[in-house]
Structure formats: structure tokens, C-alpha cells
């Protein structure tokens with residue numbers, strides 16, 4: 001009797017500790033969420049996890065246009081993603097990544113996202129409750145949650161009969177002990193323990209990623225219920241999203257029942273979970289539950305997809321609200337987008353990854369040709385406009401005072417390199433890259449493209465002849481092209497179809513100073529030879545180079 005009371009007391013104490021610990025963690029989380037919101041948080045994400053994020057994006061239905069890999073890499077969009085990634089869950093992380101690849105071409109989805117962003121921006125309590133629920137779902141390291149959630153048919157079928165053997169063995173051993181057969185009791189318990197441990201870790205190693213996915217779904221469904229109870233915003237877009245989520249989650253009510261037996265994501269420091277871990281290993285109860293949940297989930301791919309989309313949209317809204325707060329009220333704007341023919345116009349546009357960017361403004365009714373000396377800011381300006389055009393049509397947020405334009409298909413041909421695997425030279429890679437822009441320009445939808453140093457991979461005469469015709473072709477097809485070049489000859493050849501702008505610098509014998517400010521007209525200065533001097537090249541090289549350059553320019 002006394003022993004029983006002690007056991008009950010210990011169990012009650014453990015239960016009370018668990019409840020108190022959960023209350024403490026939520027209280028600390030609320031404090032942390034308030035402090036981190038709008039802060040300079042940059043996502044810490046492993047390279048393996050980053051590589052896995054494309055699974056959800058690749059699963060989405062093919063559309064007329066998505067950002068292609070060349071443009072994504074040219075603009076270093078992975079860095080932009082990391083800066084934006086203030087998501088709380090694995091679902092939100094994968095949804096945001098996919099969204100940046102998929103610009104919208106009508107206002108419906110962007111308006112939906114904007115309403116969610118605005119609501120969580122203006123209501124701190126709603127935002128924190130939403131973040132707590134999303135955080136409760138957790139993040140996953142080194143694998144794609146979506147891939148494992150929708151590919152359970154790849155799990156090797158496993159019968160629960162062999163996992164009932166350990167339970168039968170423990171019962172048999174206990175019975176032998178009660179009957180006084182000590183030898184049979186010890187032998188049975190020893191064999192059962194060995195069988196349990198060996199077969200447990202063998203099977204668990206096979207299903208570990210899927211087990212993580214199932215544990216996520218269990219937390220996911222539980223936290224959907226919490227969101228619906230704790231977030232009361234009737235008549236709003238958020239309420240509609242939560243209603244849709246709750247409807248999908250109902251399909252998993254029986255699925256979730258008893259799922260607490262699965263291993264916790266982090267059992268360290270939790271006595272109850274540590275005890276449960278030994279129970280799981282010796283009885284296989286979590287493997288038995290896994291098999292039951294697995295069979296249930298295989299038939300619910302549709303509900304999983306819808307829950308993924310609904311949850312991801314909410315998490316992305318919180319992340320973008322936090323990013324806007326970080327940029328400050330004057331550091332971003334809502335873009336004005338239209339289906340009608342209209343100039344691309346922006347004021348105070350900034351690059352998201354430059355700590356102290358120089359803002360630039362422009363209204364362009366057609367194509368733009370940029371000139372300027374080395375390191376003056378041409379490439380950065382092209383990337384600034386391109387990235388913000390993507391952000392306008394994905395997260396409905398532009399880093400500037402104002403932005404207006406059309407819904408564009410966006411391409412770039414900028415940071416190219418030799419393709420050694422395909423045994424292709426830089427020039428071949430470049431003409432392939434440009435060809436996809438020419439093909440897009442042939443179609444009816446508006447194209448916004450960015451080209452840095454056209455055909456730099458070939459000789460001067462052929463480069464100028466070919467590049468001028470390529471840029472004219474793009475303009476004649478109605479695409480809006482922003483191109484940068486060192487070839488001042490192009491400014492004369494293309495002056496009838498490209499507006500001329502340039503970046504310049506202040507030059508002294510000892511230094512170059514750049515203001516990174518866009519100016520009208522073509523560049524008149526050059527600094528390549530001066531840079532040789534500033535970097536300590538022999539004076540005879542500098543003098544000779546200047547003489548040859550002057551002779552060349554006088555002939556042309």
C-alpha cells in the first residue's frame with residue numbers, strides 16, 4: 001500500500017512538473033516573440049535543409065511562368081530568402097521558399113496575403129498566439145517535410161505482429177516469475193530485451209524521417225485546434241484561413257489519438273519523456289502506432305496538401321509582417337500593380353542585402369541602357385530592380401518609398417559562368433541564357449529582363465555587332481529590358497530604343513569615390529587603368545596602357 005502511494009505521488013509530481021514546465025516555456029516564448037519581432041533576425045538553416053526546400057515548390061502545378069534557376073542564382077535569392085525567413089514552422093519555411101519562385105499575375109492571391117500580413121501587423125495578441133501555435137509544430141532539420149508527408153507509399157510495409165512479440169515476451173517473463181520459475185523468467189526477459197532493442201533500432205533507422213513527419217502532423221493537428229480556440233477574429237481573412245484549416249484537420253482526429261506515444265522532438269531534461277523512451281524501446285509501442293498512423297495518412301494526401309498551403313500562408317504572413325517591421329515604416333511600400341500597359345516607376349528603391357544602401361528612383365516607359373565605370377553600381381542596380389520586382393509579385397512588399405508597374409515575367413542573364421560538366425564555354429552558356437529571354441519576348445505576356453554585359457565572352461567587334469542586335473530585338477518585341485554595358489558604342493547604336501542612364505565616380509590621383517546614384521545620359525568617365533595604379537601596378541604598365549587607350553579612342 002505504502003509503495004503504491006509513493007508511485008502515485010511520483011507520477012503526480014512528474015505530471016505537475018510537466019504542466020508547470022509547459023507554462024514556463026510558453027511564458028518565455030511570449031517574451032521572446034515580442035523581443036524578436038521586427039528585429040534583425042537572419043535564418044540559421046543548414047545547407048542540406050536548404051537543398052531540400054525545393055520539394056514543395058516542385059510539387060506545385062506547372063504554370064505559365066515561375067522564376068527559373070538562372071534568374072534565382074543571378075539574384076542570389078537564397079540570401080534574400082534567408083533574410084525574409086522569420087517563419088515559425090517547417091511548413092511556413094517551405095511555403096515561403098516556394099512563393100519566392102512563383103510571382104503572382106493577378107491581385108486575388110496578393111490581396112489575400114496582404115490582408116493576413118496587415119492583420120497580424122496590427123494585432124500583437126493575435127500574432128503572438130498564432131506564432132506560438134505555429135512554433136508548436138516545430139521545424140525539421142536536413143529533410144523536406146512535404147516530401148515525406150506525401151510519399152508514405154515509399155515506406156516498406158511492416159506488420160505489427162512482430163512488434164507485439166516483445167510485449168508478449170515481457171508478459172510471459174512476468175508470469176514465469178509469478179509462478180516461481182526464476183530460470184525461465186530470467187531467460188525470457190533477457191531474450192525479449194535483446195530482441196526488442198535490436199529490432200527496434202533497425203526499424204527505427206528505416207523510418208526515422210517518416211517518423212519525424214508523423215510527429216509533425218500530430219503536433220500540427222493539435223496546434224490547429226489551439227489556433228481556432230485562441231484566435232478570435234470573426235469576419236476576417238484570418239478567420240477564413242483558420243476555418244479551412246480546422247475543416248482539414250478533422251480528418252486527422254482519430255489519426256492523432258494516442259500519438260503522444262511517439263518520441264518527442266527533444267526529450268532532454270524531461271523525466272517523463274526519458275522514461276517513455278525506454279518503454280518505447282522495450283515494447284515497440286511507438287512503432288505499432290507508427291504503422292497505424294502510416295496506413296491512415298497514405299489515404300489523406302489531399303487534406304495534407306490543403307493544410308500545407310493554409311498553414312504556410314499564415315506562417316509566411318507573420319514572417320513578412322516581422323520583416324516589414326524590421327525595415328521600418330519608411331523602408332518598404334505596397335506595390336501598385338496593373339494588367340494594363342504602364343511604365344515601371346519607383347522611388348527610393350533599395351537592395352535588401354546591403355546594410356546601408358543608396359536608394360535610387362526611376363520612371364522607365366521602355367528599355368534602359370546603363371553605362372559606367374567598374375564598381376560604380378551598375379550590376380547592383382540591376383539586381384535591386386529585379387529582386388524588388390519579384391518581391392512585389394510574391395510577398396507584396398517592395399523596399400522603397402513607392403513602386404508601380406505591370407505583372408511581369410522576370411528574367412536575368414547576369415552572373416554566368418562556364419559549365420564544366422556540360423563542357424560548355426562561357427560564351428555558349430551566355431547565348432543559351434539570352435536565347436530564353438528572346439523566346440519569352442516573342443510571347444504576349446509582359447517581360448521584364450536584366451542583362452549585365454551582353455556577350456562579354458567574345459571579341460569586341462562581334463560583341464558589339466551581336467549585342468546591339470540582341471538588345472534591339474528585345475526592345476522591338478515589347479519587352480522591358482534593363483541592360484548594363486562597358487561598350488559605349490552601344491549608346492549610339494541603341495539611342496533610338498533605349499533610355500540612357502549611368503553611374504559615375506569622383507576621381508583623384510589617389511582614390512576613386514563612388515556615390516552609387518543613378519544619373520541620366522551616358523557615362524563619360526573610365527577608371528580601369530586608374531585602378532591598376534591604385535592597386536600598385538608598375539608605372540610603366542599604367543603609362544603605356546593610357547597611351548594605347550588614347551590612341552584607340554582617337555581612332556574611334
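The values are calculated or read from the model by the stated rules, or taken from the named source; none is laboratory data. Every value quoted in this text rests on a predicted model; they were computed, and no experiment measured them. Every residue, glycine as well, gets a Cβ built from its backbone with ideal geometry; the counts of neighbours run over all protein chains shown.
Laid out as a table, the results:
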{"quantity": "Test result for residue 199, modelled with pLDDT under 90 and buried (at least 17 other Cβ atoms within 10 Å of the Cβ)", "calculated": "no"}
{"quantity": "Whichever residue in the range 441-450 is buried (at least 19 other Cβ atoms within 10 Å of the Cβ) and without any contact (Cβ under 8 Å) to a residue 40 or more places away in the chain and, among such residues, is nearest to residue 341 (Cα to Cα)", "calculated": "447"}
{"quantity": "Residues that are in contact with a strand residue (DSSP E or B) (Cβ under 8 Å, 6 or more places away or on another chain), on the phi < 0 side of the Ramachandran plot and surrounded by fewer than 19 Cβ atoms within 10 Å (Cβ to Cβ), drawn from the range 324-353", "calculated": "334, 336, 338, 339, 340, 341, 342, 343, 345, 347"}
{"quantity": "Helices (runs of 4 or more DSSP H) completely within the range 236-347 that count 2 or more residues being free of Cβ contacts under 8 Å to residues at least 12 places away in the same chain", "calculated": "237-249, 271-283"}
{"quantity": "Single unsatisfied condition, residue 415 versus (1) touching a strand residue (DSSP E or B) at 6+ places or on another chain (Cβ under 8 Å); (2) surrounded by fewer than 20 Cβ atoms within 10 Å (Cβ to Cβ); (3) within 26 Å of residue 111 (Cα to Cα)", "calculated": "(3)"}
{"quantity": "One residue from 337, 292 being over 17 Å from residue 249 (Cα atoms) and modelled with pLDDT of 95 or more", "calculated": "337"}
{"quantity": "Condition broken by residue 481, with the remaining ones in (1) surrounded by fewer than 17 Cβ atoms within 10 Å (Cβ to Cβ); (2) under 27 Å from residue 359 (Cα atoms) satisfied", "calculated": "(1)"}
{"quantity": "Evaluation of residue 456 against (1) under 39 Å from the mean Cα position of the chain (by Cα); (2) assigned to a loop (DSSP other than H, G, I, E, B); (3) surrounded by fewer than 15 Cβ atoms within 10 Å (Cβ to Cβ); (4) modelled with pLDDT under 85 (one fails), failing number", "calculated": "(3)"}
{"quantity": "Any hit, the range 313-323, residues being outside the structural domain of residue 135 (by TED's automatic domain parsing) and out of contact with any strand residue (DSSP E or B) (no Cβ under 7 Å at 6 or more places or on another chain)", "calculated": "no"}
{"quantity": "Residue that is surrounded by the most Cβ atoms within 10 Å (Cβ to Cβ) [pool: residues in the range 104-114 that are more than 21 Å from the chain's Cα centre (by Cα) and in a helix (DSSP H, G or I)]", "calculated": "107"}
{"quantity": "Residue check for residue 140: surrounded by 14 or more Cβ atoms within 10 Å (Cβ to Cβ), under 28 Å from residue 96 (Cα atoms) and at pLDDT 85 or above", "calculated": "no"}
{"quantity": "Identity of the residue in the range 354-367, in contact with a strand residue (DSSP E or B) (Cβ under 7 Å, 6 or more places away or on another chain) and part of a loop (DSSP other than H, G, I, E, B), that ends up nearest to residue 406 (Cα to Cα)", "calculated": "366"}
{"quantity": "Given (1) at pLDDT 90 or above; (2) assigned to a helix (DSSP H, G or I), number of the condition residue 396 does not satisfy", "calculated": "(2)"}
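Matching residues to (1) modelled with pLDDT of 85 or more; (2) out of contact with any helix residue (DSSP H, G or I) (no Cβ under 7 Å at 6 or more places or on another chain); (3) over 30 Å from residue 310 (Cα atoms); (4) assigned to a helix (DSSP H, G or I):
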position	(1), (2), (3), (4)
118	yes, yes, no, yes
125	yes, yes, no, yes
164	yes, yes, yes, yes
177	no, no, yes, yes
